[in-house]
Amino acid sequence: MNQMLNEAADEVVGGMIAYKDESWHCVAGGCTECSSGCKNCWVPLYRARMCGMGITTESERLAWQGSTGAVAIERMFDKLKTWTMKPRVIVVYFLGDLFHKCVSDALIIRVFKAMQDMPMHTFLVLSRRTSRMERFLLTHPELRASHIIIGASIEEQRYVDERMPNLLRIAELGYETWVSCEPLLGPLDFSNIPMIDVDGTQYHADALTGEQWYGESRRPGMKDATDIKLSWVVTGSETVPKGSKMVARRPNIAWFRQLRDACATSDTPFFLQHINPEKDCRLDGVMHRDMRGIRPEGWWATGNRK
Ligand code: SF4
């Protein structure tokens, strides 16, 4: 059943993700649209397929319908303990949002503790609910681990301004961080993020270089030099499931070039999945598949990040 669950999920969403070795679908819960990127969400299709195949439990089916709070998918917690032979990049998880209000703090703590217990792997957590994610991680410092990488979905500039302050403060807690700019729906600029200090002072941050400064104009050195920056940027075009009635929104190639160039200038690892709904992977004839942000040198040999 575990294999069927993963295969059914990968058929709908997971197979699209070129940077992962595994998807760990450990939670069943209803999700709700909260972002322009949610318009063509694949997850309801997956849930319908899972329920149609009869490979969900009754409590999972109800949780996916939003009739109850989210529940743990127990067999996936068991499955994780069997991934002991080699280090893997594991996404957590793309069939909902771990920080949606339907997922209890207790269940999120359980997910983080399970990830902590498997330090040979790299876990990629991704959410659009960055406010709750920041509050949660601030309240639970004991859950931090260098192999758990915290990410935000960012599709348009308004979400840079809204979610990056949360993600940068999470980076201040000591986490490595990443962004998934997928589906890319507009040009993105990570170089001037409005932030507020603990004492209420406003300042600005460049999420790719780590520079921070007070006031309107960039004056590096006005605030302490920092390592508070993104470890990894992933981007890609929207795609839709084969045979569905959804219509993928086609991105402008210039948006990818802008991100690629900003990452190159700041030496931020950049991973491009595909540039159009037809899934062409090359930008100006070049594949960009930089995994340094999540697979540091030597990681494959030892599974150790530090
Ligand atoms: S947050 Fe993710 S799972 Fe939830 S509706 Fe949006 S795209 Fe779908």
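Overview of values
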{"item": "Modelled FRET efficiency - R0 45 Å, D280 with D199, Cβ distances, 0.05 increments", "result": "0.40"}
{"item": "Over the chain, equivalent-ellipsoid semi-axes from the Cα gyration tensor in Å", "result": "30, 23, 19"}
{"item": "Inter-probe distance in nm under a simple model that places probes 7 Å from Cα toward Cβ, at M291 and M120", "result": "1.6 nm"}
{"item": "In nm, spacing of pseudo-spin labels at L138 and R110 (7 Å Cα→C-beta vector)", "result": "2.7 nm"}
{"item": "For the stretch 105-120, 3J(HN,Hα) per residue [Karplus equation, 6.51 cos²θ - 1.76 cosθ + 1.60, θ = phi - 60°, Hz, x = Gly/Pro]", "result": "4, 4, 6, 5, 4, 4, 4, 5, 5, 5, 5, 4, 6, 10, x, 6"}
{"item": "Relative exposure of C181, C51, C31, judged by other C-beta atoms within 10 Å (fewest first)", "result": "C51, C31, C181"}
{"item": "Residue order, fewest to most beta carbons within 10 Å, for C263, C38", "result": "C38, C263"}
{"item": "Size of charge dipole - the chain - debye, nearest 20, with Cβ of Lys, Arg +1 and Asp, Glu -1, no other charges", "result": "600 debye"}
{"item": "Longest DSSP-loop-exposure-free segment, GluC sites (Glu not before Pro), the chain, at most 13 other Cβ within 10 Å", "result": "34-215"}
{"item": "Estimated [θ] at 222 nm from DSSP helical runs (n ≥ 4, -39500 (n - 2.57)) normalised by residues in the chain, nearest 500", "result": "-9000 deg cm²/dmol"}
{"item": "Which of R289, R49 has the fewest Cβ neighbours within 10 Å, and the rest in rising order", "result": "R289, R49"}
{"item": "The stretch 65-210, Cα convex hull volume normalised per residue, Å³", "result": "130 Å³"}
{"item": "Principal-axis tilt of helix 157-172 within the chain, Cα atoms, nearest 10 degrees", "result": "90 degrees"}
{"item": "For L126, residues with placed amide H under 5 Å, excluding near neighbours", "result": "V92, Y93, G151"}
{"item": "Cα gyration tensor of the stretch 10-147 - equivalent ellipsoid semi-axes, whole Å, descending", "result": "22, 18, 15"}
{"item": "11 Å reach of a label modelled at A254, 7 Å along Cα-to-Cβ, counting backbone N of the stretch 170-200", "result": "187"}
{"item": "Shape metrics for the stretch 77-146, restricted to C-alpha atoms - Rg then Dmax, Å", "result": "12.2, 36"}
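Throughout, read-outs are computed from the coordinates displayed, never taken from laboratory work. Note that this is a predicted model, so its numbers are computed, not measured. As a convention, Cβ positions derive from the backbone with ideal geometry for all residues, glycine included, and neighbour counts pool all protein chains shown.
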